[in-house]
1. Give just the number: which of (1) in contact with a Phe, Trp or Tyr (Cβ under 7 Å, 6 or more places away or on another chain); (2) part of a strand (DSSP E or B); (3) at pLDDT below 95 does B:Pro362 not satisfy?
2. On the basis of being at pLDDT 95 or above, surrounded by 21 or more Cβ atoms within 10 Å (Cβ to Cβ) and not β-branched (Val, Ile, Thr), does B:Gly216 make the cut?
3. Mind telling me which of the residues B:His105, B:His91 ends up being away from chain A (no Cβ under 14 Å), over 20 Å from B:His214 (Cα atoms), crowded, with 20+ Cβ neighbours inside 10 Å and touching a strand residue (DSSP E or B) at 6+ places or on another chain (Cβ under 8 Å)?
4. Checking B:Ala84 against (1) of a type in the set (A, V, I, L, M, F, W, C); (2) away from every other protein chain (no Cβ under 14 Å); (3) surrounded by 13 or more Cβ atoms within 10 Å (Cβ to Cβ); (4) under 23 Å from the mean Cα position of the chain (by Cα), only one condition comes out false. Which one?
5. Being within 14 Å of chain A (Cβ to nearest Cβ) and out of contact with any Pro (no Cβ under 9 Å at 6 or more places or on another chain) narrows it down to one of B:Thr326, B:Thr288, B:Thr301, so name that one.
6. Just one of B:Asp63, B:Asp56, B:Asp75 is in contact (Cβ under 8 Å) with a residue 12 or more places away in the chain and crowded, with 16+ Cβ neighbours inside 10 Å; which is it?
7. When the residues of the range B:418-437 are narrowed to those that are more than 18 Å from the chain's Cα centre (by Cα) and in a loop (DSSP other than H, G, I, E, B), which ends up surrounded by the most Cβ atoms within 10 Å (Cβ to Cβ)?
8. Taking the options B:Ser178, B:Ser154, name whichever one is surrounded by fewer than 24 Cβ atoms within 10 Å (Cβ to Cβ) and not basic (Lys, Arg).
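The values are calculated or read from the model by the stated rules, or taken from the named source; none is laboratory data. All figures in this text were calculated on a predicted structure; none of them were measured in a lab. Ideal geometry is used to build each Cβ from the backbone, glycine not excepted, and the neighbour counts take in all protein chains shown.
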Amino acid sequence: MHSDSLFRDVCASTNSQMSEFTKVASTAEIPEGGKHYVELDERLIVIFRAAGDLYCLDDVCTHDGGPLGEGQLEGHEIACPRHGARFDIRTGQPLTMPATEATLVHEVKIEGDDVLVRLSI
Amino acid sequence: MTETMAATGFNDQTFDAFLASRDEPNWLTDDRRQAWQAFREFAMPSRSEEEWMRTDIRLLKLDRYRFPAAEARSDELPSSLLSAGVSVGGHAVSLDGASVEFAIHPKWASRGVLFGDLSAITAEHGETIRPHLLRHAINPKFDKFSALNGAGWSSGAVLYVPRGIVVDEPFHVHTLLSDGAADLGRILVILEEGAEATMLVEMASTIEGGDGLHAGVTELLLGPRAHLRYVSLQNWADHVWHFAHQKAVLDQDASLQWTIGALGSRLAKVNQHVDLAGKGATCQVNGTMFTEGRQHLSYHTKQHHIAPNCRSDFLYKAALQDQSRTVWRGMIEVDREAQNTDGYQRNDNLLLSQQARADSIPGLEIEADDVRCTHGSTTGRVDDEMIFYAQTRGFTRKEATRMIVTGFFQQIFDRITIESVRDALGLAISRRVREYE
């Protein structure tokens with residue numbers, strides 16, 4: 001029933017701080033070309049795996065707030081499903097109109113089998 | 001409070017427990033059950049719907065909240081901003097959807113005016129209130145949150161002013177929410193033909209930073225030649241989810257001045273409609289929004305001209321700081337019969353930071369051919385030259401910004417005819433202005 005069922009809420013179990021890395025997934029949960037949604041500190045973020053590496057972004061298109069993670073991933077580019085604005089998942093920078101501003105990227109790292117994220121702001 | 005009532009979530013079990021906790025007539029219980037059925041059938045709003053496209057509620061967990069308890073706790077409650085120093089005709093206070101106290105001055109009660117907690121007044125004066133309650137100016141089946149209110153409303157307030165009675169003292173409603181609680185308040189104002197009244201409604205949390213859920217309904221029903229001044233100040237703490245459906249229906253030559261201050265909440269989604277249903281009705285809406293942090297306020301207004309010779313004037317102004325966001329979607333709808341309509345809508349936005357964002361979407365749907373309908377929208381940042389000029393006159397940057405923000409809202413303040421409301425809004429806004437470099 002709930003539209004946010006894709007998102008894993010890690011807030012309650014981690015007591016995360018903005019400056020700290022927080023475990024949000026295991027590496028097996030994010031295969032090559034895959035994505036993983038997380039709620040962290042009341043933020044909706046999405047983690048992609050492309051060319052073997054993990055990238056983490058706000059799940060927000062800066063054009064009109066669309067759900068960026070629901071778009072098509074091609075290489076290191078994600079296209080917003082609403083109006084087609086493309087972003088580089090490595091930097092969050094917009095690559096095409098109608099987006100003109102970067103979406104926020106977050107630091108992500110792997111420790112053993114764990115995927116950890118540190119929010120930028 | 002029973003153990004069952006303490007259970008969280010809105011499900012069949014908690015709804016049955018809620019009904020069992022209330023001693024209400026069958027007609028009201030049946031009405032609630034119909035709304036509950038609608039609530040069960042509605043999915044959570046999807047971002048693919050135009051209405052919700054810009055308002056993300058994926059982080060809302062309805063199951064964390066619960067139906068209001070039948071009896072209020074006796075917490076120490078915060079004082080009012082709107083009614084300070086004002087001689088009121090009556091007041092009503094509720095906490096977490098349960099009535100704490102209400103009273104009406106005997107001079108108004110003796111003239112047949114009814115005011116107080118909606119549940120209590122309905123129980124005592126069912127025959128008077130029932131037809132208006134069941135009129136459902138707000139359709140409980142509009143969306144999931146209106147259905148939740150239709151099923152689980154409690155407390156709120158009602159004001160009933162009989163024909164020809166002019167009440168020259170405002171009624172004050174103070175709706176309070178403690179951390180993690182829910183308020184499903186319903187406000188019903190009924191002015192019979194020729195009646196006049198003023199109502200001040202204030203929503204606030206008991207603690208700063210408090211969480212909570214408000215799914216409210218406001219229905220303002222104005223008979224012929226009735227005049228209402230209605231003020232609503234939404235000042236929840238910054239973790240409260242605010243969903244509100246508000247509608248006024250104006251009969252012939254009725255007039256409404258509706259002032260809205262929207263300052264609080266984490267996310268607000270408000271549908272505000274005015275039906276100009278009787279010939280010659282007039283309506284003025286003054287909306288003031290100030291957002292900060294990661295607040296998101298979304299207002300969807302509709303001025304629906306059903307009858308001819310009506311006038312509507314909606315002015316919304318928003319100042320945004322930090323990473324906050326507002327969405328304003330306004331519509332003037334003019335039916336084929338509504339000739340000689342004069343409709344106006346305007347939304348101005350002042351961005352105080354680089355990260356704030358305002359979406360403004362005015363619209364017109366006109367079927368009549370003899371109308372004047374205009375709309376406009378502006379969005380801009382604080383002019384650095386104005387700041388510099390003020391600094392050369394000895395003001396700090398913060399003082400200068402505060403003056404500019406106050407000046408931005410002055411057009412609204414000038415339209416507000418109640419001094420205490422003007423002062424409270426001005427003070428609340430100026431306190432929130434931060435310093436930007």
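1. (1)
2. Numbers: at pLDDT 95 or above: yes; surrounded by 21 or more Cβ atoms within 10 Å (Cβ to Cβ): yes; not β-branched (Val, Ile, Thr): yes.
For B:Gly216, the condition - at pLDDT 95 or above, surrounded by 21 or more Cβ atoms within 10 Å (Cβ to Cβ) and not β-branched (Val, Ile, Thr) - is met.
3. Numbers: B:His105 fails: crowded, with 20+ Cβ neighbours inside 10 Å.
Of B:His105, B:His91, the one residue that is away from chain A (no Cβ under 14 Å), over 20 Å from B:His214 (Cα atoms), crowded, with 20+ Cβ neighbours inside 10 Å and touching a strand residue (DSSP E or B) at 6+ places or on another chain (Cβ under 8 Å) is B:His91.
4. Failing condition for B:Ala84: (3).
5. Numbers: B:Thr288 fails: within 14 Å of chain A (Cβ to nearest Cβ); B:Thr301 fails: within 14 Å of chain A (Cβ to nearest Cβ).
Going through B:Thr326, B:Thr288, B:Thr301 in turn, just one is within 14 Å of chain A (Cβ to nearest Cβ) and out of contact with any Pro (no Cβ under 9 Å at 6 or more places or on another chain): B:Thr326.
6. Values: B:Asp63 fails: crowded, with 16+ Cβ neighbours inside 10 Å; B:Asp75 fails: crowded, with 16+ Cβ neighbours inside 10 Å.
Result: B:Asp56 is the single residue among B:Asp63, B:Asp56, B:Asp75 that is in contact (Cβ under 8 Å) with a residue 12 or more places away in the chain and crowded, with 16+ Cβ neighbours inside 10 Å.
7. For the range B:418-437, the residue satisfying everything is B:Val433.
8. Working: B:Ser154 fails: surrounded by fewer than 24 Cβ atoms within 10 Å (Cβ to Cβ).
Unique residue meeting the criteria: B:Ser178.
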